[in-house]
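Presented below is the structure to which this report refers.
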Amino acid sequence: MGGRMSEELDPRGHVLVPEHRVLSKEEGEEVLRRYRVKPHQLPLIKSSDPVARAIGAKPGDIVEIKRESFTAGRALAYRYVVEG
Amino acid sequence: MRPQRVIESIRFSLLSPDEIRKMSVTSVVTADTYDEDGFPIERGLMDRRLGVVEPGLTCRTCGGGPKDCPGHFGHIELARPVIHVNYVETIFELLQSTCRKCGRILLKEEERERLLQEMEGKEEWWKVSEKAVQTAKGRQECPHCGEEQEEVKFEKPFTFMEGKGRLTPSDIRTRLERIRTEDLRLLGLDPSVRPEWMVLQVLLVPPVTVRPSITLETGVRSEDDLTHKLVDIIRINQRLAENMEAGAPHLIVEDLWELLQYHVATYFSNEISGVPPARHRSGRVLRTLGQRLKGKEGRFRGNLSGKRVDFSARAVISPDPCLKFDEVGVPEYVARVLTVRSRVTSFNLEEMRELVRRGTEQYPGAQWVISPDGKRYDLRYADREELAQKLEPGYVVERNLRDGDIVLFNRQPSLHRMSIMAHRVRVMPGHTFRLNLCVCPLYNADFDGDEMNLHVPQSEEAQVEAMILMAVQNQIISPRFGGPIIGGIQDHITGAYLLTRKETLLDREKACQLLMQAGVEPVLPEPAVVREGVEYWTGKQLFSVLLPKDLNLTYRAKICEGCSRCKEEECEKEAYVVIENGELKRGVIDAHAYKALDKCELWDRMVKEYGVERASEFLNHVTRLSIAAAEMLGFTTSIDDEDIPRIAKERIEEKIEDAKKKVRELIEAYNREELEPLPGRSLRETLEMRIMEALAEVRDRAGQVAEKHLTLSNPAVIMARTGARGSMLNLTQMAACVGQQSVRGERLNRGYVGRVLIHFKSEDLGAEARGFVSSSYKDGLKPLEFFFHAAGGREGLVDTAVRTAQSGYMQRRLINALQDLHVEYDGTVRDDRGVIVQFLYGEDGADPMRTDNGKAVRVDRLVEKIIGGGAK
Amino acid sequence: MTGVSPETIRSEVRKLRGEVPDSVVEELERTLLRVGKERAITAEALQRVIEAVKEAHLSSLVEPGEAVGTVAAQSIGEPGTQMTLRTFHYAGVAELNVTLGLPRLIEILDTRRTPSAALMTVYLEPPYSKDKDKARAIAQEIEMTTVEDLISEMETDLMNMQLLLSLSRSRLRQKELTPSKVKEVLSRELGPKVEINVEETKLRIKAAESLSELRRLAARVRKIKLKGVKDVTKVVVKKEGEEWVIYTEGSNFAEILKMKGVDKKRTTTNNIREIEEILGIEAARNALIREMSSTLREQGLEVDIRHIMLVADMMTVKGEVRQIGRHGVSGEKSSVLARAAFEITLKHLLEASLRGEEDRLRGVTESIITGNPIPLGTGSVRLVMQGGRSERE
């Protein structure tokens, strides 16, 4: 993995890519509680997603995304990491 | 009335032969339908136990008439099993991926375990099955019993071969029977489904109600396509059975079996590739089960997703500027037929009695009376006086439509929600629906023969919902961009312009006349001018009567020419509009004031700050005032509005000559290869681009020359410049020069080799040879120009047609993909499964319709209002 | 009368955070601070403004149950009838072809793997972005040159079973290539078995055995890439503000990002699939929004960004970009009836029967089919009651 990774472009920092962060277990549960959903009812992100790989998100994690919003200035979104 | 029970869910599965027999009320054995007397034959396809369609008969299973008997299924016992065509591909996969001996899936135990585990808890478990089947398919030897596998081949449409031998449906059935239930999921089947049911032993016969026969005027009975097909099946089935019994040669039995397979297959679907479609005696292709479901007119899209309704009307529309914009004019003869359910209460008892007395004969009357016990009285036949007396609270009267009723009005294509809105009824003479012109852009309606539909909501709940959610006033702001979509159009703009420009002065009589026509109290302010003892009012003063007294607004009108230095309030063209405390001080009213889908500064403010009620009132008045003004002041346009002086004509011709010369020079430069190519373009492309550029420029130049003589004293120019209708380009094309014609964004170039028409030399690249029209519409086109113009015009027509189809399909897909999304109470957007699509709608939770052109909170306005100036 | 201090304004306004969107808080702060410089803002006025902002925010909120999906679909679909169909038009950069209007919108919603007119905007890092010649040099490096672009003539010599290529001198100069360099690339591409001779600007390729093989070889040689990035057929260097930017026709995002001097943070493509692959799903979402809104804006159609965002979000919820249509969003609906009513009716019904699928009838189409009220808007309100035993039971 190491060899390939270093060669690969890190997508973070690109103007189109918002900030991603893996939530801790507690934070993840809090999100599920707040929205009263099961993990699969969240938007998904594949574990093979370039950003997911860059931040080391594993299937089962919940990723928090800080979007620069066109309407609200900033907006938070969450994605559940799935195999793929 | 609410249904007693609600369907909660529907499960899809296969029917087992046992289930079919259990569902069936009779087995069908005779191919004949009716006897000589026209009575249905028992155990035939029209057996009365299968339900009834003709009135007067009763069903022998449930005893109901055609209205209440839903019909009952029968069945046919097939002499030999046949394959269900729609499942041949599944059967093929099953044969390939299971053992020919033990019936187990051709997967090693550990593969099986792994895949089963992967499947566990997955909503779309069949995606894993696809993998399992793929792995199992190629395996040569059964991992369970060690049996060597032979290759199974499938020959379209329904023949299976294994090695050299043929697999008959019976063989297949036995093979499928061996498949174990625990393997089913891996094979993509639900455990409740047995694969052998895909080979039919018993055929379900649908009730007569599904395939009603029709009696033609001549008395000849014509059967449904399905019945025809079933007759075929029974015939062959019978022959097959007889031959088998008689011990006929193998070959004959096989042939009949194959024939049975064909009939049963085409019964399910008549569009199988490799199978000649079954035909009617006339040669018409039969429409069997599959075809009934499919497509736009099929069961799903045609009957289930869209239904025919009662309480509706359709008529040609015509305009009526005197209606309020939320009204619809309904012809009396339509109102006589449409009814509204009115509950009798102690408050309206007498009124309802009167309506019942008038009955169906006089216009505001009633059609039906429904007593509290649910009995319906038809007022055409009932003793109306007696019924009227009997009326008491609790009765329901279906009275005729009348003024003030709420109806839904719709024009297809219904592209957005404003295509169906709630209007208030105005019953009037005539034969067309009438509507105010302000709502035309919403329906995209004109009056060249357009028709519209009208629906009458019946329950109070429906009426109230329609009024609150769908009323025209509540659609002024478009949810698409948060700005007004209803507003003045065409003459509303011209009229207002004529009224509010400074030369308009009106004496008392005229001023009062205008205000009365606008529908307001003619309370005049102080006259602006008193000349020779006569009082005069300006149009601006009259317009101001309609404005709220605390309105302050400054903006640039549509007619503003964007001078390099704006003189603002000193603008002599009156393009700088100032409204102070509800008084139009300066500037004219035009498209930028209140035209629908334009900037509409004034109107936008009215709606957003004074509310829908006040704004609607304003619009109703201002449109009538404008039209009255246009009528009073006089407004007309004709062909000589496009006249320009001879000198101008000559100048234009000069310019055109110059341009043609320039084109010739370009071509020469090109021929000498001296043309400097644009980066990334070939020489030829560069030439074309430069020529197009030059010719586009000359049209603009010619336009400019013409425009000097087209001033605001010209009615056609007034329309174009105020934004009421048409553009300056339209006018200059009429007055000066039509310009280059194009097809596919290029100059015309197709036709003969190197030339468009024979009148030119080959490879002539000049302006005239490639579709430059130097004449004006008014002067008339030369024959060749006319031809080029037609070519360009044709492209436009084709374009429109193609675009309508394409965008229609795009919209259908968008709607289908997004229709289940809704906002939840926590502000999230979810689909029907509860999957979150957005965590807060639009990321700020704002409804576009309640925003100011997309901005949820106008901070600047609020600050300015509370703290005052300088917020800009 | 003295006004409140800027600090008070700041602290008071910031209390709104979390209650109203950040953008509103920031705008309010900016506006008040600016106005505060010109005139005194009393504490009471400040509070009134803050209250007014809160109220304005609350009254702008969507109502629960609102059918936002349908409204978004209509808002994007309805103006479709007013869009041009003209595929190619020159926008922005005059020299490049761009797909515009309805075809482009359909293309985005289809998430076509290769858009009909792929286009990249390549930003450069400082030394290159400031200097026209350096930018040009990179552009030269990017632009794909094939043999076809260089030859002025190509003959198939049947006698000797060979190909004769004449290279155009001017084009060689323009592309900064030499015949020997071309030979080098050709022999690398065609393998050692092929014999290539160079005579000034003429190349002789000898390899074929039969006529058909010679023809195949000719076709192959034409397409051989001599230099540049694959698929990038045209480049244009343009000054934008203070810097030089390269626009390309044809897109190969992955390769471009690997190049030296290219700004890896700002360079983009209009191919959504490439963005998804290289920058991830969130970037694809952003790109979808940008592409759709610029397509609509260019046509002069005003569509609220919220509608476009919803479409983009729906396309990306599953972690991959899904098409609006039967191969994507519509084909993956949970309801069998909804799928059957959309397209390919029979297949969906037959599959559902084998899988024993159950339709919970929670969506719009299914509700209409079964004659139930639709679960949106006023239909989404349900009365929940404690299930008491009725007297009859």
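The values are calculated or read from the model by the stated rules, or taken from the named source; none is laboratory data. From a predicted model like this one, the values you see are computed outputs, not experimental measurements. Cβ atoms come from the backbone with ideal geometry, glycine included; neighbour counts cover every protein chain shown. Note: accessible area is taken over every heavy atom of the protein model, side chains too, but ligands, DNA and RNA are not part of it. Shrake-Rupley method; radii C 1.70, N 1.55, O 1.52, S 1.80 Å.
Within the stretch B:757-796, what residues put their amide N at less than 16 Å from the label point 7 Å along the Cα-to-Cβ vector of B:Glu653?
Hits in the stretch B:757-796 for B:Glu653 at 16 Å: B:774-782.
Straight-line reach only, C-alpha to C-alpha below 19 angstrom: list the lysines that B:Lys324 could link to, leaving out same-chain residues fewer than 8 apart.
Leaving aside lysines fewer than 8 places away in the same chain, those within reach of B:Lys324 are B:Lys595.
Kindly provide the Kirkwood hydrodynamic radius of the stretch B:505-633 in Å, to one decimal, from all pairs of distinct alpha carbon atoms.
The answer is 15.3 Å.
Determine the shielding of peptide B:302-309 by partner chains: average, over its residues, the number of Cβ atoms on other chains within 10 angstrom of each Cβ.
3
Give me the distance between the Cα centres of the stretch B:665-721 and the stretch C:154-210, rounded to whole Å.
45
Mind checking the alpha-carbon convex hull of the stretch B:820-872 and giving the volume per residue in Å³?
Convex hull of Cα atoms, per residue: 90 Å³.
Run the dipole for the protein assembly as shown about the Cα centre, Lys and Arg Cβ at +1, Asp and Glu Cβ at -1, nothing else charged, and hand back the magnitude in debye, nearest 20.
Roughly 1840 debye, rounded to the nearest 20.
Suppose we look only past 33 Å in the calculated P(r) of chain C. What percent of the Cα-Cα pairs does that tail hold?
Beyond 33 Å sits 59 percent of the P(r) for chain C.
Using Cα-Cα distances under 8 Å and only pairs 6 or more residues apart, what relative contact order does chain B have, in percent?
Here the relative contact order equals 7 percent.
Which aspartates and glutamates does B:Lys778 reach when only Cα atoms under 12 Å apart count, and residues fewer than 8 places away in its own chain are ignored?
B:Asp640, B:Asp641, B:Glu642, B:Asp643
Give me the accessible area per residue for the protein assembly as shown, probe 1.4 Å, as a whole number in Å².
Roughly 49 Å² per residue, with all protein chains present.
By accessible area of protein heavy atoms, probe 1.4 Å, what ranking do B:Glu141, B:Glu526 get, highest first?
Order by accessible area, largest first: B:Glu526, B:Glu141.
In bins 10 Å wide, starting from 0, what share of all Cα pairs of the stretch B:361-451 does each bin hold, as a percent?
13, 33, 23, 20, 10
Taking 0.36 nm per residue of separation and subtracting the Cα-Cα distance, what length does fully extending B:Leu524 through B:Ser192 add?
Here the answer is 111.1 nm.
To the nearest 10 degrees, how steeply does helix B:646-671 sit against the main Cα axis of chain B, on a 0 to 90 scale?
Computed tilt is about 50 degrees.
Quick check on chain C: helices-only [θ] at 222 nm, where DSSP H runs of length 4 and up contribute -39,500 (n - 2.57) each and the sum goes over total residues. Nearest 500, please.
-14000 deg cm²/dmol
7 Å from Cα along Cα→Cβ at both C:Ser210 and B:Lys708: what's the point-to-point distance in nm?
7.6
Kirkwood Rh, Cα Rg: Rg to Rh for the stretch B:674-723?
Looking at the stretch B:674-723, the ratio lands at 1.31.
Of C:Ile196, B:Leu391, B:Ile41, which is farthest on the positive side of the dipole of the protein assembly as shown, counting Cα position, with +1 on Lys and Arg Cβ, -1 on Asp and Glu Cβ, and the Cα centre as origin?
C:Ile196
Output the pairs from B:Lys708/B:Lys761; B:Lys662/C:Lys130; C:Lys130/C:Lys230; C:Lys181/C:Lys260; C:Lys132/C:Lys225 with a Cα-Cα distance over 28 Å in this structure; if there are none, say none.
B:Lys708/B:Lys761; B:Lys662/C:Lys130
Give the shape of the stretch B:453-553 as rounded, prolate or oblate, defined through the alpha-carbon gyration tensor: a ≥ b ≥ c are the square roots of its eigenvalues, a/c under 1.5 means rounded, and otherwise the shape is prolate if a/b is larger than b/c and oblate if not.
Judged from the Cα gyration tensor, the stretch B:453-553 comes out prolate (a/c at least 1.5, a/b above b/c).
So what's the back-of-envelope 222 nm ellipticity for chain B, counting only DSSP H runs of four-plus at -39500 (n - 2.57) apiece and dividing by all residues, rounded to 500?
That comes out to -11000 deg cm²/dmol.
Can you tell me what percent of all Cα-Cα pairs in the stretch C:333-380 are more than 17 Å apart?
34
Evaluate Rg over Rh across the stretch B:312-475, taking Cα atoms for both radii and Kirkwood's formula for Rh.
1.02
At a probe size of 1.4 Å, how large is the accessible area of A:Glu19, to the nearest 10 Å²?
Accessible area of A:Glu19: about 110 Å².
With Kirkwood's inverse mean 1/r over C-alpha pairs for Rh, give me the Rg to Rh ratio of the stretch B:638-797, two decimals please.
1.01
Can you list the lysines whose alpha carbon is less than 28 Å from that of A:Lys25, not counting same-chain residues fewer than 8 positions off?
Partners found: A:Lys38, A:Lys46, A:Lys58, A:Lys66, B:Lys122, C:Lys318.
What pairs in B:Lys156/B:Lys296; B:Lys131/B:Lys307; B:Lys307/C:Lys347 have C-alpha atoms more than 32 Å from each other?
In this structure, B:Lys131/B:Lys307 exceed 32 Å between Cα atoms.
Take the residue pairs B:Lys502/B:Lys573; B:Lys573/B:Lys608; B:Lys540/B:Lys573 and return only those whose Cα atoms are more than 20 Å apart.
From the list (B:Lys502/B:Lys573; B:Lys573/B:Lys608; B:Lys540/B:Lys573), the Cα-Cα distance tops 20 Å for B:Lys573/B:Lys608.
Taking the highest mean first, how do the peptides B:255-263, C:32-40 order by number of other beta carbon atoms within 10 angstrom per residue?
Ranking the peptides B:255-263, C:32-40 by packing returns B:255-263, C:32-40.
Which of the trypsin sites (Lys or Arg not before Pro) found in the stretch B:268-335 are in a DSSP loop and have at most 12 neighbouring Cβ atoms, other than their own, within 10 Å?
Passing sites in the stretch B:268-335 are B:Arg281, B:Arg284, B:Lys296, B:Lys307, B:Arg308.
According to the square roots a ≥ b ≥ c of the eigenvalues of the Cα gyration tensor, what is the shape class of the protein assembly as shown, taking rounded for a/c under 1.5, prolate for a/b larger than b/c otherwise, and oblate for the remainder?
oblate
Would you list B:Tyr333, B:Tyr809, B:Tyr443 from the most to the least accessible area, probe 1.4 Å?
Largest accessible area first, the list is B:Tyr333, B:Tyr809, B:Tyr443.
Calculate, for B:Asn730 and B:Glu297, the FRET efficiency according to 1/(1 + (r/R0)^6) with r their C-beta to C-beta distance and R0 60 Å; round to the nearest 0.05.
E between B:Asn730 and B:Glu297, to the nearest 0.05, is 0.90.
How tilted is helix C:101-110 with respect to the longest principal axis of chain C? Cα atoms for both, answer in degrees (0 to 90, nearest 10).
That works out to roughly 80 degrees.
Keeping all protein chains in the complex and leaving out DNA, RNA and ligands, what accessible area do you get for B:Cys571 with a 1.4 Å probe, in Å² to the nearest 10?
Looks like 30 Å² after rounding.
Using only Cα atoms, find the angle between the long axis of helix B:349-358 and the longest principal axis of chain B, and express it within 0 to 90 degrees, rounded to the nearest 10.
80
Can you give the mean number of other chain Cβ atoms that lie within 10 Å of the Cβ atoms in peptide C:14-23?
Mean partner-chain Cβ count within 10 Å for C:14-23: 4.
Checking the a/c ratio against 1.5 first, then a/b against b/c, what shape does the Cα gyration tensor give for the stretch C:6-60?
Prolate, because a/c is 1.5 or more and a/b exceeds b/c.
Give the cysteines in chain B for which no other Cys Cβ lies under 4.7 Å away, or write none if there are none.
By the Cβ distance rule, which asks for a partner under 4.7 Å, the isolated cysteines are B:Cys62, B:Cys322, B:Cys438, B:Cys440, B:Cys512, B:Cys560, B:Cys563, B:Cys566, B:Cys571, B:Cys600, B:Cys737.
How would B:Phe73, B:Phe325 rank on accessible area, largest to smallest, probe 1.4 Å?
The ordering from most to least exposed comes out as B:Phe73, B:Phe325.
To the nearest 10 Å², what's B:Arg60's accessible area with a 1.4 Å probe?
In the full protein context, B:Arg60 sits at about 130 Å².
Let me know the volume per residue of the alpha-carbon convex hull for chain B, in Å³.
Hull volume over Cα atoms, normalised by residue count, gives 316 Å³.
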